[in-house]
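Data block below; observations after.
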Amino acid sequence: MSRMVAVTAPQTQESPVVGEEYLTAWHEAGHAVVYLLQGRSLRYVTLRPRTAGRVGFTAVRPRRVELSTLAVVAHAGPLAQARYVLDTTSAAERLREGITAGDVRVGAYLHGGHDDLAVIAQARRAYGLAAGQSDLWAGIAQDLIDRYWTEIGRVAAELLEHRTLTGAQLRACVPGHRFAR
């Protein structure tokens, strides 16, 4: 059992598949859709990254953006992962395992991408936020995750099927929006 699954999702007979591959697909889908909504041009998203130690990766075409914009994207991956776990496990299952919804959210951050945590920490320092002080970026990311949950689901499903999606394939998962190419 992977460390991520043990912390972020109870494994019971009732649970659908919530293994690391599924968690990673939803995590990367959250990043990818929020990037697209910001008008960023994506090269690809993959569950087969070339870098050792990574289980997923979203490649963006280089462009200078505000740190606060990156902080929203950094929050989007763990928040999408946490929502997926909450949606696929019942409250009774979590109670049986002694896991709360808050534990799932925190677990998604603690075992999410280290790059995500580094960007969030950098933004917090740059904007002078104290350790216990909440930031607006998580709320913005959560709002986008909630409003575009169906599209994030399409991206996650396609990722699980194909392992890697190009920018064009990602844009096709979010119809009705004009995106950078």
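What the table shows:
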{"read-out": "The range 132-181: number of residues that are more than 23 Å from GLU21 (Cβ to Cβ) and in a helix (DSSP H, G or I)", "value": "12"}
{"read-out": "Out of THR150, THR164, sole residue that is out of contact with any helix residue (DSSP H, G or I) (no Cβ under 7 Å at 6 or more places or on another chain), at negative phi, free of Cβ contacts under 8 Å to residues at least 24 places away in the same chain and among the β-branched types (Val, Ile, Thr)", "value": "THR150"}
{"read-out": "Given (1) open to solvent by 80 Å² or more (accessible area, probe 1.4 Å); (2) polar (S, T, N, Q); (3) within 22 Å of PRO49 (Cβ to Cβ), index of the condition THR150 fails", "value": "(3)"}
{"read-out": "Conditions (1) open to solvent by less than 40 Å² (accessible area, probe 1.4 Å); (2) over 16 Å from THR69 (Cβ atoms); number of the one not met by ALA138", "value": "(2)"}
{"read-out": "Breaking point among (1) open to solvent by less than 40 Å² (accessible area, probe 1.4 Å); (2) free of Cβ contacts under 8 Å to residues at least 60 places away in the same chain; (3) among the hydrophobic types (A, V, I, L, M, F, W, C), for LEU95", "value": "(1)"}
{"read-out": "Residue in the range 6-22 that is open to solvent by 10 Å² or more (accessible area, probe 1.4 Å), out of contact with any Ser or Thr (no Cβ under 6 Å at 6 or more places or on another chain) and at pLDDT 85 or above present", "value": "yes"}
{"read-out": "Members of the range 38-61 found to be open to solvent by 70 Å² or more (accessible area, probe 1.4 Å) and in a loop (DSSP other than H, G, I, E, B), listed by number", "value": "ARG48, ARG50, THR51, ALA52, GLY53, ARG54, ARG61"}
{"read-out": "Single match in TYR35, TYR84 (criterion: at pLDDT 90 or above, under 26 Å from THR164 (Cβ atoms), open to solvent by 10 Å² or more (accessible area, probe 1.4 Å) and touching a strand residue (DSSP E or B) at 6+ places or on another chain (Cβ under 8 Å))", "value": "TYR35"}
{"read-out": "Enumeration of residues in the range 30-43 that are closer than 15 Å to ARG154 by Cα and touching a Gly at 6+ places or on another chain (Cβ under 7 Å)", "value": "GLY30, HIS31"}
{"read-out": "Test result for GLY113, of a type outside the set (A, V, I, L, M), in contact (Cβ under 8 Å) with a residue 60 or more places away in the chain and touching a Pro at 6+ places or on another chain (Cβ under 9 Å)", "value": "yes"}
{"read-out": "Residue that is of a type in the set (Lys, Arg), in contact with a helix residue (DSSP H, G or I) (Cβ under 9 Å, 6 or more places away or on another chain) and open to solvent by less than 70 Å² (accessible area, probe 1.4 Å), where the choices are ARG105, ARG124", "value": "ARG124"}
{"read-out": "Single match in ARG96, ARG63, ARG125, ARG163 (criterion: over 19 Å from the mean Cα position of the chain (by Cα), at pLDDT 90 or above and not small (Gly, Ala, Ser))", "value": "ARG125"}
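The values are calculated or read from the model by the stated rules, or taken from the named source; none is laboratory data. Computed from a predicted model, the values in this text were never measured in an experiment. Note: ideal-geometry Cβ built from the backbone for every residue, glycine included; neighbour counts use all protein chains shown. Note: accessible area is taken over every heavy atom of the protein model, side chains too, but ligands, DNA and RNA are not part of it. Shrake-Rupley method; radii C 1.70, N 1.55, O 1.52, S 1.80 Å.
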